[in-house]
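Undergrad: Below: one structure in structure tokens.
The values are calculated or read from the model by the stated rules, or taken from the named source; none is laboratory data. In this text the structure is predicted, and so the values were computed from the model without any measurement. Methodologically, a virtual Cβ is constructed for each residue, glycine included, from the backbone with ideal geometry; neighbour enumeration extends over all protein chains shown. Quick note on the areas: whole protein, heavy atoms, side chains included, nothing else; ligands and nucleic acids left out. Shrake-Rupley method; radii C 1.70, N 1.55, O 1.52, S 1.80 Å.
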Amino acid sequence: MKLKRFFLRYYPPGIILEYEKGGHPRTKSIDLLDLTPETNPGELVAEIRQSEPLITESRADQVKHLIIRLQQKQIQQKHHRFCFSKELKAHILPLTNVAFDKPGSRFLTGSYDRTCRVWDTASGTELHTLEGHRNVVYAVAFNNPYGDKIATGSFDKTCKLWCAETGKCFHTFRGHMAEIVCLAFNPQSTLVATGSMDSTAKLWDVESGEEVATLTGHTAEVLSLCFNTVGSQLLTGSFDHTVAIWDVESARRVHTLTGHRGEISNVQFNWDCSLIVTGSMDKTCRLWEAISGKCVAILVGHKEEVLDVCFDLSGRFIATASADGTARVFSAATFECLVTFEGHDGEISKVCFSPQGSRVLTASSDKTARLWDVQSGVCLQILEGHIDEIFSCVFNYEGDTIITGSKDNTCRIWY
């Protein structure tokens, strides 16, 4: 094995090693999820060298320098105040979803008007209109981190794969018997997973356009899905109150996570693939061990349905959004509720962490999005201007741009 070069990953902190093995280029990552500005770089390098043979004595100073750069990035994270930049009258009918590419330079909007549009973030200009679906375009995604392909899932029961540069359709994935409501690329961008109202999920080959597998076993609609960060497992969350963990290579079900007493609203792996969080209409979230499928905690406190749930990138915190108009942050280690965000005047349908993990963004039916401080629970900013409920909000990779999507048929860019 021969080390070729290093890449820095800011969120979550890590160092990517590019090396050669048997004449083939490979990569592996050293995750530094617990890195803080106070960490001693020299001690951390010594620790890394014990478990990573590619980091030799001659490379130690280089790695130390990279760790210091990661720490400097953490120190830079001063409070960014977002200003309204542009309103895009994106579609003639309501929007369904929005998604960024990895750098945040482009974003997607899906709509009831049967199209997906690709936008330039900086100028707010439309780059492409992806036309061809015969019904609502409900789920949209870039194949991040590459950003050269787009997948759209529709109520017409198909998923389409598009070239992000030209807007040309590569493939139409046919096979579902009902509406497609969720989709995701695997991290390697070789597969697309789709979830449908027909109670199944399917895996599709990006290159050939062929169906790879049908994942059967749920007895109601599959409403959410998520690959783990290495692409070896897939989660599916269903209206049948259960979550399934699938082995991607064999397409076999590894575990069924049972215990929720209501429909599953969202599912997510943490960064290191060890934990799974699930949100449910039964007003709770549950935390599960990915290896055993065992429930390790029930996160309670919400008075109404939990509509969204997510980990921060480091995997230390969990955020929940509820129909009771509040959002909460829990510790993934102790399971206790650390802070409750109160102030919205309507249900919160979407929640996400900033890449740095220091802020939480919420989208509400009260026509506003709010930015909160994770430590204090203080509302830092109210993003106002939409004239109907906001159902989608997302940060770009650097955390310095926000897109909000609303039922008023517009999306807004905030810098």
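Undergrad: Return the only residue of Asp308, Asp345 being charged (D, E, K, R) and either touching a residue at least 40 places away in the same chain (Cβ under 8 Å) or within 22 Å of Cys226 (Cβ to Cβ) (or both).
TA: Going through Asp308, Asp345 in turn, the sole match is Asp308.
Undergrad: Please go through the range 372-412 and give me each residue that is outside any loop (DSSP other than H, G, I, E, B) and farther than 24 Å from Asp120 by Cα, ordered by number.
TA: If the condition is that a residue be outside any loop (DSSP other than H, G, I, E, B) and farther than 24 Å from Asp120 by Cα, then Trp372, Asp373, Cys379, Leu380, Gln381, Ile382 are the ones that fit.
Undergrad: Looking only at residues in the range 286-305 that are in contact (Cβ under 8 Å) with a residue 40 or more places away in the chain and part of a loop (DSSP other than H, G, I, E, B), which one is farthest from Pro12 (Cα to Cα)?
TA: So the residue we want is Glu304.
Undergrad: Here's something else I'd like to know. Considering only the range 1-111, give the strands (runs of 3 or more DSSP E) lying wholly within it that have at least 1 residues that are in contact with a Cys (Cβ under 7 Å, 6 or more places away or on another chain).
TA: 84-88, 95-100, 106-111
Let's see how each residue does on (1) open to solvent by 30 Å² or more (accessible area, probe 1.4 Å); (2) without any contact (Cβ under 8 Å) to a residue 60 or more places away in the chain; (3) within 26 Å of the chain's Cα centre (by Cα); (4) closer than 14 Å to Gln71 by Cβ:
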position	(1), (2), (3), (4)
Leu3	no, yes, no, no
Pro12	no, no, yes, yes
Ile16	yes, yes, yes, no
Asp31	yes, no, yes, no
Leu35	no, yes, yes, yes
Thr39	yes, yes, no, yes
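Undergrad: Could you list all residues from the range 327-339 that are open to solvent by 20 Å² or more (accessible area, probe 1.4 Å) and closer than 28 Å to Glu398 by Cβ?
TA: Matches in the range 327-339: Arg328, Ala333, Leu338.
Undergrad: Test Thr320 against the criterion of being among the β-branched types (Val, Ile, Thr), more than 18 Å from Val277 (Cα to Cα) and buried (at least 20 other Cβ atoms within 10 Å of the Cβ), and give yes or no.
TA: No.
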